[in-house]
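Only one structure is covered here, and it is reproduced in the block below.
The values are calculated or read from the model by the stated rules, or taken from the named source; none is laboratory data. Being a predicted model, the structure only gives us computed values, none of them experimental. FYI the Cβ positions are ideal-geometry reconstructions off the backbone, even for glycines, and counts take in every protein chain you see. What goes into the accessible areas is simple: the full protein's heavy atoms, side chains included, and nothing from ligands, DNA or RNA. Shrake-Rupley method; radii C 1.70, N 1.55, O 1.52, S 1.80 Å.
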4 protein chains.
Amino acid sequence: MPKLGMEPIRRAALVDATIAEIGAVGSLEVTVSRIARRAGMSSALAHHYFGSKEALFLAAMRHVLSVYTAEVRAELAGLRGPRARVSAVIRASFAESSFGREAVGAWLNFYVLAQRAPEARRLLAVYQRRLHSNLVHALRPLAGAAAPAIAEGAAALIDGAYIREALRAGPPDAAAATAMVEAQIAAALGEQTKRSA
Amino acid sequence: MPKLGMEPIRRAALVDATIAEIGAVGSLEVTVSRIARRAGMSSALAHHYFGSKEALFLAAMRHVLSVYTAEVRAELAGLRGPRARVSAVIRASFAESSFGREAVGAWLNFYVLAQRAPEARRLLAVYQRRLHSNLVHALRPLAGAAAPAIAEGAAALIDGAYIREALRAGPPDAAAATAMVEAQIAAALGEQTKRSA
Amino acid sequence: MPKLGMEPIRRAALVDATIAEIGAVGSLEVTVSRIARRAGMSSALAHHYFGSKEALFLAAMRHVLSVYTAEVRAELAGLRGPRARVSAVIRASFAESSFGREAVGAWLNFYVLAQRAPEARRLLAVYQRRLHSNLVHALRPLAGAAAPAIAEGAAALIDGAYIREALRAGPPDAAAATAMVEAQIAAALGEQTKRSA
Amino acid sequence: MPKLGMEPIRRAALVDATIAEIGAVGSLEVTVSRIARRAGMSSALAHHYFGSKEALFLAAMRHVLSVYTAEVRAELAGLRGPRARVSAVIRASFAESSFGREAVGAWLNFYVLAQRAPEARRLLAVYQRRLHSNLVHALRPLAGAAAPAIAEGAAALIDGAYIREALRAGPPDAAAATAMVEAQIAAALGEQTKRSA
DNA sequence: CATGAATGAGTTTTCATTCAT
DNA sequence: TATGAATGAAAACTCATTCAT
């Protein structure tokens, strides 16, 4: 049954399986065999397409970040006001595609990967810079010189939300996470809000 | 040459070596042999004292949390005003003992451990509850019903600060982290502050 | 684009690539994929033409031996005197086609192959017999009953020259090898010679 | 049953098993598992003691060369005349310890190893230099300026004898090999000899 | 004719863990 | 108390070979 043009399909399946497996196991200590099995192929084929486990991890990470990037772009599209743009970035950060069970589980592990794989570190740095710049850009009209600090706080809080979500039982609660970050931004901007637990 | 009363000394050395090794490697993929060598003994002895690698990890985690608990207690001792108590908790969170290079590197990995080891998860839950309750207790007089939400945000931000610190090159910047969390609290409490980037 | 009559071309390309690859790597631990790539085709095609890696090795070996045989024939052509015939055989043994870098590197490995592949052993035996008989034939008028022993020594020395050449850096030194064997023959025949280092 | 001081015993057993296995298979394509089994232990233990397959090969090679060195030393001990010293070196080269079935089989493969492992190449170079220098030293009084060339020829012939022996069925024929080299030396020195096939 | 797809079998290497001393 | 000795189990990675197209 071998068909032509399988490569992109196989690669995508492997990347998805990698994220799922890391998310499920909650650790980078997953075997290529299990990932391959999950993707419906032999481990040899996984090596054929990616060359190494590390490369597979990096591809998975790149995928997660590109999905996030796309999400942000989509949320920002067509929005005009700066306040709305801030909310869009936050909403994108907790969108199902990035904040689903598996992705959240994988997220934390990509931070771990970044501690030993320079390329992973680079990818994470790119993500952080982009998130920061998105936020600063949107916050500048609202907070002026305070924008970078507020952005820094929001970015850290988003990471904190991810890490905590990874530990919770049950499905991620995007609404709660969003509310938490929104509240922080609101307070930082000195907006009047009604707060609830 | 075996001496009496070595047990607590050996155990402490192993726990320290475990934290150092995990911090240095940036991953739980650390061998018992290396930990034992770092602690100046054979891996067989490490097993003799802890029974398993997992148990050693848990002991290390317990140690990190107990150091943190002690730090909080010390910072809180003798303080009266609620606002000062909030600051004390934050200060304790970024004290050298917990926010040193190795401890920060280990921290992230304990979150990873918690994804597969129920006992680790339990320990982390205890820490989170305690932190939350400390903060709520201190914030209640200042924020009333909003205290839990503010505490939640502060706790998540602290975790976010840790995770980001783990990635940075160079020694942890406790001052910056402290300032970031203080700023968030201040904003949430509606305090007047001068902000700087 | 498949063309007709490609078979002999493909086969020759594969044989050449095999010798080159073995010579370059200096070992039989060479992959069919690399050989095929060097020959400009897929490994599947290599299998299509030769059936197995072993068969490809044998074909390469056969090629090397047939090149050598042709070289000997060419050198012997038209020569009449026995002494000249001896020199012709020696010259052929160190001709560029057989004593080039790659061929020398492959040579040693064919001896290795012969230890496990009976067919390779057979081929090598044929080569040895032919070399011996060529030498004896030429030496007989000069050395009489001593011819076989002298031939044996010359043949072994030629092999020794090959094995040593395989280890040297830089291009093979055919002149030196030739001189060494000629000197041995001369001495065995009791000729008067001036020797130089 | 684990005892103390096993290391040298295990190492020696592994080195012997490596030589035997390479000799038996006639190739470096032997597995660590088989070597270890032959030496009566698990492959993990082999790795424990040698670190890698390559290191094991090198140790085996070093062993073979040191055995040969000892043999030469022993044969040379107490001999005075230069001619006797030449014969001693030749005799040592074909002594049972070096010219046994397994050692001969391994020998050729060490030449192969030398093509990819620099350390192996170095070891072989040391052997060649030593052999050459031993021969030159003994030949100088007999042949003067011609000594180096004669030595070179003898050394190459010895290697040739090894390579040819590796291919023969049946046990190595040390006597024949010795006679061949002796005859070559005798002829080169212009000695009067009766030759026989 | 030619190849991309696919894998089973095998190999090196690592490591937690056990045990006799 | 302490450790060298030892191994089973597993994991990454490789490769010859097959097959449908």
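Tilt of helix A:147-167 relative to the longest C-alpha principal axis of chain A, in degrees (0 to 90, nearest 10)? Result, in degrees: 50. Measuring only protein heavy atoms, the 1.4 Å probe finds residue A:69 accessible over about 30 Å². Solvent-accessible area assigned to carbon and sulfur over the protein assembly as shown amounts to 57 percent, based on a 1.4 Å probe. Residue and distance for the chain D Cβ closest to the axis that moves D onto C, in whole Å, come to D:160, 2.
Within straight-line reach of residue D:53, meaning a Cα separation under 20 Å, sit the following aspartates and glutamates at least 8 residues removed in sequence or on another chain: C:29, D:7, D:16, D:21, D:29, D:102, D:119. Per-residue shielding of D:28-40, expressed as the average number of other chain Cβ atoms within 10 Å of the residue Cβ, stands at 1. Using Cα pairs under 8 angstrom and six or more residues apart, how large is the relative contact order of chain B, in percent? With pairs under 8 Å counted, the relative contact order is 20 percent.
Heavy-atom accessible surface of segment C:4-131, averaged per residue, reaches 44 Å², computed with a 1.4 Å probe.
About its Cα centre, the protein assembly as shown has a charge dipole of approximately 0 debye under the convention of +1 per Lys or Arg Cβ and -1 per Asp or Glu Cβ, with nothing else charged. Counting Cβ atoms of other protein chains within 10 Å of each residue's Cβ and taking the mean over peptide A:132-138 gives 0. The mean number of partner chain beta-carbon atoms within 10 angstrom of a residue's beta-carbon across peptide B:175-181 is 2. The simple spin-label model puts a point 7 Å past each Cα toward its Cβ; for residue A:12 and residue A:125 those points are separated by 3.2 nm.
Computed from the Cα positions only, the extents of chain A along the three principal axes stand at 62, 32, 31 Å, in decreasing order. Each residue, residue B:62 and residue D:29, gets one label point 7 Å from its Cα in the Cβ direction; the gap between the two is 5.5 nm.
Take each peptide in D:106-117, C:140-151, count the other Cβ atoms within 10 Å of every residue, and average; sorted highest first, the result is D:106-117, C:140-151. From the alpha carbon centroid of segment B:71-135 to that of segment D:42-81 is 59 Å. Chain B contacts chain A over a buried accessible area of about 3400 Å², both sides summed; the probe is 1.4 Å and only protein chains count. Comparing each chain alone with all protein chains together (probe 1.4 Å, DNA, RNA and ligands left out), the residues of segment B:108-127 losing at least 30 Å² of accessible area are B:108, B:111, B:112, B:115, B:116, B:121.
Of the trypsin sites (Lys or Arg not before Pro) found in segment C:117-174, those in coil by DSSP whose Cβ has at most 14 other Cβ atoms within 10 Å are C:168. Residue by residue, segment B:103-111 carries 3J(HN,Hα) couplings of 4, 4, x, 6, 3, 3, 6, 6, 4 Hz when phi is fed to the Karplus relation 6.51 cos²θ - 1.76 cosθ + 1.60 (θ = phi - 60°); x denotes Gly or Pro.
Surface listing: B:67, D:15 arranged by accessible area from highest to lowest gives B:67, D:15, probe 1.4 Å.
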